[in-house]
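Structure first, commentary second.
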Amino acid sequence: MIDVLTSIAVITGAALALVAAIGVHRLPDVLSRMHAATKPATLGILLVLIGVALRDGRLAVIAKVALVAALQFLTAPTGAHMVGRAVHRDTTEHDDDLDPVDGV
Amino acid sequence: MIELATTVAFTIVSIAGVLGAGALLRARTLADRIVALDLLLVILVLAIAVGAVRTRERLYLDILVVTSLLGFLGTTIVARFMERRGSA
């Protein structure tokens, strides 16, 4: 039963990485592409890490898995935010559809 | 059961890696390159995690910690650089 769960977690995690790669390929704008690169990938990593934890029940392994998951959840948004801010600061002059308030 | 699942996961991750490399080659501005590299690094971390599932090797978990941190470090440093100098 555990093996079935681990397999499902690992395969869906890998599939999410594929979704992220396809998202980066097809989305037009840098910001939407960046969003595609970070969101499903972070969830994919979490799923595979759950697979690792299920596969090997020792406490040390689960602690490390929790550490990596926590790190990934902390760092991915901040990294993406910095890139987004850099891109936004660069392209605000002629890219009016990025304005937060429309028409004001 | 696990070998089959990890093999399927490895193939899916490698397809994602090829797509990520394609996105990297297609990128024109610096921002696209950062995003593509970030994606490749995430795919790398995921591939190592699948490897950790397959071989139950505890060393892989330490590699995971280092790789995900380095990925974040690289992204932020280039974002800082881009913010100061403007995207090439």
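Condition (residue is without any contact (Cβ under 8 Å) to a residue 24 or more places away in the chain and not in a helix (DSSP H, G or I)) applied to segment A:57-73: is it met by at least one residue?
Yes, because at least one residue in segment A:57-73 is without any contact (Cβ under 8 Å) to a residue 24 or more places away in the chain and not in a helix (DSSP H, G or I).
Within segment B:1-31, track down each residue that is touching a Ser or Thr at 6+ places or on another chain (Cβ under 9 Å) and open to solvent by less than 40 Å² (accessible area, probe 1.4 Å).
Answer for segment B:1-31, where residues must be touching a Ser or Thr at 6+ places or on another chain (Cβ under 9 Å) and open to solvent by less than 40 Å² (accessible area, probe 1.4 Å): B:2, B:5, B:6, B:9, B:30, B:31.
Here is a check on your reading of the model: is residue A:9 open to solvent by 20 Å² or more (accessible area, probe 1.4 Å), without any contact (Cβ under 8 Å) to a residue 60 or more places away in the chain and aliphatic (A, V, I, L, M)?
Considered against the rule, which asks whether it is open to solvent by 20 Å² or more (accessible area, probe 1.4 Å), without any contact (Cβ under 8 Å) to a residue 60 or more places away in the chain and aliphatic (A, V, I, L, M), residue A:9 comes out as no.
Would you confirm whether any residue within segment B:71-85 is closer than 15 Å to residue A:10 by Cβ, at the interface with chain A (Cβ under 9 Å from one of its Cβ atoms) and buried (at least 19 other Cβ atoms within 10 Å of the Cβ)?
no
Suppose we filter A:61, A:52, A:65 for residues that are at the interface with chain B (Cβ under 7 Å from one of its Cβ atoms), surrounded by fewer than 19 Cβ atoms within 10 Å (Cβ to Cβ) and under 12 Å from residue B:61 (Cα atoms); which single one remains?
Only one candidate passes the filter, namely A:61.
Which count do you get for residues in segment B:41-62 that are open to solvent by 50 Å² or more (accessible area, probe 1.4 Å), more than 7 Å from chain A (Cβ to nearest Cβ) and either in contact (Cβ under 8 Å) with a residue 60 or more places away in the chain or of a type outside the set (Phe, Trp, Tyr) (or both)?
7
Within the bounds of segment B:11-29, is there any residue that is at pLDDT below 90, over 23 Å from residue A:15 (Cβ atoms), facing chain A (nearest Cβ under 7 Å) and part of a helix (DSSP H, G or I)?
No.
Taking the condition of a type in the set (Asp, Glu) and either more than 8 Å from every other protein chain (Cβ to nearest Cβ) or in contact with a Phe, Trp or Tyr (Cβ under 7 Å, 6 or more places away or on another chain) (or both), does residue B:3 pass?
yes
Hey, can you tell me all the residues within segment A:24-46 that are buried (at least 21 other Cβ atoms within 10 Å of the Cβ) and over 9 Å from the mean Cα position of the chain (by Cα)?
Those that are buried (at least 21 other Cβ atoms within 10 Å of the Cβ) and over 9 Å from the mean Cα position of the chain (by Cα): A:24, A:30, A:33, A:34.
How many residues are within 7 Å of chain A (Cβ to nearest Cβ) and either in contact with a His (Cβ under 6 Å, 6 or more places away or on another chain) or under 25 Å from residue A:9 (Cα atoms) (or both) if we restrict to segment B:30-40?
Qualifying residue count for the region: 3.
Tally the residues that are open to solvent by less than 20 Å² (accessible area, probe 1.4 Å) and more than 7 Å from chain B (Cβ to nearest Cβ), restricting the search to segment A:77-92.
2
The values are calculated or read from the model by the stated rules, or taken from the named source; none is laboratory data. As the structure is a computational prediction, the values presented were derived from the model and not from experiment. Note that we place each Cβ from the backbone using ideal geometry, even for glycine, and neighbour counts take in every protein chain shown. SASA here: full protein model, heavy atoms, side chains in, ligands and nucleic acids out. Shrake-Rupley method; radii C 1.70, N 1.55, O 1.52, S 1.80 Å.
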